[in-house]
Structures are given as C-alpha cells and as structure tokens.
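Right, I'll just put the structure down here and ask away after.
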C-alpha cells in the first residue's frame with residue numbers, strides 16, 4: 001500500500017531503442033492501475049505516467065484509449081528536459097496537498113539526455129529493460145553507469161534493477177546468462193519476473209487497450225490470460241521492491 005501523501009517515482013531507462021522500454025512502462029502502469037482498484041488488497045494509489053519520449057508513444061496510446069482504459073491512471077505527455085523537474089515537483093506538492101498516494105512512472109527517451117538524468121535523480125527505483133543480446137548489454141551498462149553517477153550527485157544510492165524484456169519463458173540462453181553475470185558484477189540484479197515474448201503485449205498497445213479489457217472481450221483466451229498474469233506479477237514485484245525500500249528508509 002502507498003501511504004497517504006506518499007509519492008513513488010519509477011523510471012524506465014535505456015539508451016538503446018527497441019528494447020521494449022515503453023511496453024514495459026505501460027505494462028507496469030496498467031498493472032498497478034488494475035491492482036489499485038480491483039484486487040482484494042488494493043494499492044490505494046493513483047498512477048501517473050510521464051511520457052518523456054519525443055515520439056510520445058504512451059501519449060498516443062492514451063489519446064486513443066477510452067475513459068474506462070484510463071481509470072485510476074493519468075498520462076502526461078510533452079515531458080522534456082525543460083519541464084520535467086517542474087512537473088515532478090508539482091506532483092509531489094499535489095500529493096502533500098491532497099493526501100492521496102501516487103505512483104509516478106517515467107518513460108524516458110534514453111540515458112544520454114538531461115530529462116533522463118533528472119528522472120533518475122528523482123527516482124525511488126530505476127528499471128533497465130534489456131533483451132538477451134550483446135548490444136543490449138553494452139547500452140544497458142551505459143545506463144547503469146549513469147545511475148551510479150546520479151547516485152553520487154544525489155548523495156545516496158538509487159536502487160536499480162534490470163528487467164528481461166521479450167524473454168524466453170522456458171530456458172535461459174547463454175547470452176542471457178552472460179548478461180546476468182555481467183550485471184551482477186556491476187551490482188545490478190535482475191527482477192525475478194521476466195517479461196516473456198507474448199503477442200498480447202503487442203496487441204494491447206496497438207489497440208490502445210489493457211490486458212484486462214482484452215480478456216473481458218476474449219474470455220478464456222489462454223494467451224491473454226498468461227500475458228495478464230505475467231504483467232501483474234511484474235507490477236507486483238516492482239511495487240514490493242520500491243515500497244519495501246521506502247519502509248526501510
């Protein structure tokens with residue numbers, strides 16, 4: 001549960017395009033939004049997504065989605081290096097005024113710009129989506145270096161986890177094993193939950209929908225059921241990590 005007046009900031013960062021960062025951000029946001037309203041132990045927090053990608057993919061998704069899709073969720077587009085600090089500080093002030101808990105998810109452009117650096121500095125948790133390839137590993141390592149740099153500037157370690165994107169559900173490939181070992185040497189663990197390569201993860205974005213609504217339209221569809229279970233497991237693991245760290249602070 002998010003305490004009244006508490007704001008949690010989670011940023012998804014990777015300087016390499018095409019790693020599934022925006023998909024992971026949307027899965028996290030919609031998963032937490034669903035959990036906040038529908039489960040027996042709701043999170044009791046509003047979810048806000050800041051779209052800091054110049055292509056505005058999440059804002060485009062939100063513009064197409066209907067009000068029911070965006071229940072308990074707000075998307076703010078047009079976030080860039082000129083306004084990201086003001087927006088995040090404004091959200092923090094809003095929480096202090098309203099007393100409402102809030103989870104802020106930042107979908108960044110990449111690791112090499114001012115907006116991404118500020119998002120990392122403001123974060124309670126940084127997630128680095130990565131696929132099992134040498135190139136992905138190299139770019140993700142640059143992001144991890146930036147997190148370390150921002151941690152030094154902030155005067156305290158910023159928690160950072162890698163998350164497998166478009167993963168193989170059955171086996172861990174040699175490339176994946178090598179990346180896991182490389183990240184371990186850098187002090188960055190992987191989430192236990194892998195985001196598996198599933199067709200509904202592509203469908204829900206293209207159709208500007210949620211996995212829950214897709215399942216309501218296609219009851220019994222095993223591919224959607226498994227995708228939704230995967231997404232909720234991912235969202236809950238992230239939530240448990242960041243709330244646990246907040247409580248321990």
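Values in this text are rule-based calculations from the coordinates and carry no lab data. Worth saying up front: this structure is predicted, and the values here are computed from it rather than measured. Please note: Cβ atoms are built from the backbone with ideal geometry, for glycine as well, and neighbour counts cover all protein chains shown.
Using R₀ = 22 Å, calculate the FRET efficiency as 1/(1 + (r/R₀)^6) where r is the Cβ-Cβ separation of residue 157 and residue 240; round to 0.05.
Given R0 = 22 Å and the Cβ-Cβ separation, E is 0.75.
So between residue 64 and residue 94, what do we pick up on full extension, going 0.36 nm a residue minus the alpha carbon distance?
8.1 nm is the gain from fully extending residue 64 to residue 94.
Let me ask something else. How far, in nm, would the chain grow between residue 175 and residue 134 when pulled straight, counting 0.36 nm per residue and subtracting the alpha carbon separation?
14.0 nm
Among 35, 45, 235, which one shows the highest mean-square fluctuation when the chain is modelled as a Gaussian network with alpha-carbon springs under 10 Å?
Looking only at 35, 45, 235, the biggest GNM fluctuation is shown by 35.
Please find the FRET efficiency linking residue 185 to residue 216, where r is the Cβ-Cβ separation and R0 is fixed at 41 Å, and quote it to the nearest 0.05.
It comes out at approximately 0.35.
Go through [x] 21.0; [y] 19.1; [z] 18.1 and flag the label whose value is the computed Kirkwood radius over Cα pairs in Å for this structure.
Correct label, based on the coordinates given: [z].
Label residue 113 and residue 82 with points 7 Å out from Cα along Cα→Cβ: what is the distance between them in nm?
Result for the modelled spin labels: 1.3 nm.
Okay, next question. Given points 7 Å out from each Cα along the Cα-Cβ axis, report the residue 223 to residue 199 separation in nanometres with one decimal.
In this crude label model, residue 223 to residue 199 measures out at 0.2 nm.
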